[in-house]
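**Q** After the C-alpha cells below, expect a handful of questions from me.
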Amino acid sequence: MSGRAAGGEGAAVRGGALHDGAVSGGDDLPARLKGYEGRAATVGGVGKDPVNAPMIRHWCEAMGDTNPAYDGPDAVAPPTMLQAWTMGGLGGHPGRSGVYDELLRLLDGAGYTSVVATDCEQEYLRPLRPGDRITFDAVIESVSERKTTKLGTGFFITTRMDIRAGGELAGTHRFRILKYVPAHRNPKGRAGARDASRTAEPRTPEPSTVEPNAAEAISAGANTGEAKRRRPRPVINRDNAGFWEGVERHRLLIQRCTACGTLRFPWLPGCGACGSPDWDTVESGGEGTVYSYVVMHHPPFPAFDPPYAVGLIELAEGVRIVSNVVGVPHDQVRIGLPVRLEFQRYDEELELPVFRAADGSGDGSDPGTSAAREPVGIGGSAAREPVGSGGSAAREPLGSGGSRGSAAREPVSSRSSAAREPVGSSGSAARELRGPARSAAREPVGSGVSASSGLSDGPFAGRSGEGS
C-alpha cells in the first residue's frame, strides 16, 4: 500500500529578507543554520506502545471514521495515525539528540523567538497492524533561506522521520515549522522606532475592501475607525457546488449514498462507507446540539469581532457541521446546547448557515441579518423530499456570472418526474438536483469566488471550552 497526505502551509511566503537588514546573530547566520541539515534529531527511537486496537478505536471515534478496515481480526491502523505511534508523551523519547534543541536555541538567540507549525507531509509504504513494533529515526532535512511571511520573517525548518515496523520501512513523516520574528516587532538588537504600523494613525481603507454599509459610512464622513473588511468567501468547487446552491435557497442539504444509504457531511465525491460514487440529497430539519465548541479570541481579523463561538454542531440527522453559534453570549455556549439553523447575511453577496441557541433570546449583537428557514417544495408544498436517485443529471451554474436568485433549483419530489414547476408565487423555475454519475460534469456556482474560508468565522479546534 502506498499513499500520500499533505497539509497546507500556515503562512503565505513572499520571499526575501528583512527590510532593515539582518537580525542579531551575524551575517553568517544562514550559513550556520545550513550546517544543521542532515544531522540526526532522533536516533533509535522506539514507540512507547505497539500498534494496538484501543488506540485505533479511540482515533476512529474521535475522527468519526467508520471504515470497516480498521476493525476486526484483520484490522489495519488508519494510515494517518503514522505519527501517533512515535509520540513520546510528556516524558519524550530517550533517543532524541540535542542537535534539534541546539538549532532552536541558535535561532532564539538571534531574535527568532516565535514558532508556528506550518504543515506536515506523510508517505505510506505498508499498512500497520495491531502488534507491530515501531522504531524510528529523525533527521533535520532542510533549513530554508530567510523568508518573509505575513506572520513575520524567519526560517522554515523541516524534519523527516523514517518509521519502521519490524525493521521494514512503513512510512515517512515530514514536519515543518517556521521560527520567526513577528512582523509587528523589531528584531532583537535593532535600534530605532517600532514598526510604523503600530504608531501610525488609522488609515481609511478603500471602499472596495470593506462591506457596503461600511463604505457608505466612510463616504458620508462618519467616524467608523478601521472599517470592516469583506469576509472571506467559501471555496466552491464541483464537489460541493450543490451544497452552496442549497444555501442560496435557505436549505441545508446533506449527501446520502444511494447504494448504502449513509449520510455524509461535508460533501464528498464518494461514499466513505461503501465507496459508491452515486448519491442524492436530503434536507436537514435544522435542529441540532453543540457537540463541541471553541471560543475564538486570537488572532484578530478585520472581518470578525472576537470573542465569538465556533461550534461543531451535531444535527438531528446524525452528521456534524462546523459553524457559528449565535443568539447567546460566547461564554454561555455549552456542549449539548440545543440550536436551530438559520441563515445570516453578511453583505450583498455572502449568506451563511449559522446556528442560534434554541433556548436563548439572543443579545442582538450578531452581525448581518438572519433569514428564517422556509423550505419550499415542488408546487409550493412545505414537504422536504430527498433529491433524485443519483442519476446522470448534470448540475449547471446558477444564473449568469454567479448572480443570486435567478433560476433557483429546488429538490424534486419523488412523486414528480423531474418536471420544472413554479415554486410558490415567485415564478422561478425549479430544477432537479441529483447526484451526478461518473461522467456528469459538476460546475461551480457563478464565478469570481475566492479560494478562502469555510462555513465558520474561524478555525475549529478540539472538543473543548474556550480557546486561547
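**Q** Taking GLU61 as meeting all but one of (1) open to solvent by 50 Å² or more (accessible area, probe 1.4 Å); (2) farther than 23 Å from ARG164 by Cα; (3) touching a residue at least 40 places away in the same chain (Cβ under 8 Å), write down the number of the exception.
**A** Every condition holds for GLU61 apart from (3).
**Q** For the range 321-382, please list each of the strands (runs of 3 or more DSSP E) lying entirely inside it that holds at least 3 residues being modelled with pLDDT under 95 and either open to solvent by less than 20 Å² (accessible area, probe 1.4 Å) or under 23 Å from PRO234 (Cα atoms) (or both).
**A** 369-371
**Q** Of the residues TYR36, TYR100, only one is aromatic (Phe, Trp, Tyr) and in a loop (DSSP other than H, G, I, E, B); which?
**A** It is TYR36.
**Q** Here is a further query. Just name the residue that is modelled with the highest pLDDT out of those in the range 34-58 that are touching an Asp or Glu at 6+ places or on another chain (Cβ under 7 Å) and open to solvent by less than 30 Å² (accessible area, probe 1.4 Å).
**A** Across the range 34-58, the extreme among qualifying residues is VAL51.
**Q** Now for a different question. If ASP49 satisfies all but one of (1) under 27 Å from the mean Cα position of the chain (by Cα); (2) within 21 Å of GLY171 (Cα to Cα); (3) not in a helix (DSSP H, G or I), what's the number of the condition it fails?
**A** For ASP49, the failing item is (1).
The values are calculated or read from the model by the stated rules, or taken from the named source; none is laboratory data. In this text, all values refer to a predicted model and were calculated from it rather than measured experimentally. Positions of Cβ are backbone-derived with ideal geometry, glycine not excepted, and every protein chain shown enters the neighbour counts. All accessible areas refer to the heavy atoms of the entire protein, side chains included, with ligands and DNA or RNA removed. Shrake-Rupley method; radii C 1.70, N 1.55, O 1.52, S 1.80 Å.
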